[in-house]
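Chemist: Would you mind keeping the following structure in view while I ask a few things?
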Amino acid sequence: MAYCCNAPTSGTCLYVSIRSWINKYCPLANLVLKIDDDVLLNYPRLIAFLRVKSHKKFRPESIIFCDLWNNAQPIRVPNNKWYISEVGV
């Protein structure tokens, strides 16, 4: 891994470290998606998107997740740090 300072502003260092790790451990990966732990991923929409955009046959079983939350719900309390508004509001 690349040496980086551990500061919130070290986004470039984080990117370089992740890229280095991917190049070393996943050199044949066609796609790598990195999201933060406070982000919800709409898995069905991601799969649909990848099927449309992929020029190769896409296999959902080839995906590896680090953590998967089942039945997760967005937080709709306006004063909460992780508040997510309704779509179209």
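Chemist: In this structure, is Tyr43 within 22 Å of Trp82 (Cα to Cα) and surrounded by 12 or more Cβ atoms within 10 Å (Cβ to Cβ)?
Modeler: On the way: within 22 Å of Trp82 (Cα to Cα): yes; surrounded by 12 or more Cβ atoms within 10 Å (Cβ to Cβ): yes.
So Tyr43 fits the description; yes.
Chemist: Go through segment 45-89 residue by residue and tally those that are at pLDDT below 85 and either outside any loop (DSSP other than H, G, I, E, B) or within 26 Å of Leu14 (Cα to Cα) (or both).
Modeler: Looking only at that region, the number is 20.
Chemist: For the subset of segment 9-30 comprising residues that are among the small types (Gly, Ala, Ser) and more than 26 Å from Ser54 (Cα to Cα), which member is surrounded by the fewest Cβ atoms within 10 Å (Cβ to Cβ)? Even if it seems obvious, please write down each step before you answer.
Modeler: As a first pass, look at segment 9-30 and keep what is among the small types (Gly, Ala, Ser): 10-11, 17, 20, 29.
From what is left, the residues that are more than 26 Å from Ser54 (Cα to Cα) are 10-11, 17.
Working: Ser10: 13, Gly11: 10, Ser17: 15.
In this case the residue turns out to be Gly11.
Chemist: Restricting to segment 21-40, count the residues that are assigned to a loop (DSSP other than H, G, I, E, B) and modelled with pLDDT of 80 or more. Show your work before the answer.
Modeler: Taking segment 21-40 first, the residues assigned to a loop (DSSP other than H, G, I, E, B) are 26-40.
After this cut, where a residue has to be modelled with pLDDT of 80 or more as well, the list is 26-29, 32-35.
Counting residues in segment 21-40 that are assigned to a loop (DSSP other than H, G, I, E, B) and modelled with pLDDT of 80 or more gives 8.
The values are calculated or read from the model by the stated rules, or taken from the named source; none is laboratory data. What you are looking at is a predicted structure, and each value in this text was computed from that prediction instead of being measured. Neighbour counts are summed over all protein chains in view; Cβ atoms, including those assigned to glycine, are modelled from backbone coordinates with ideal geometry.
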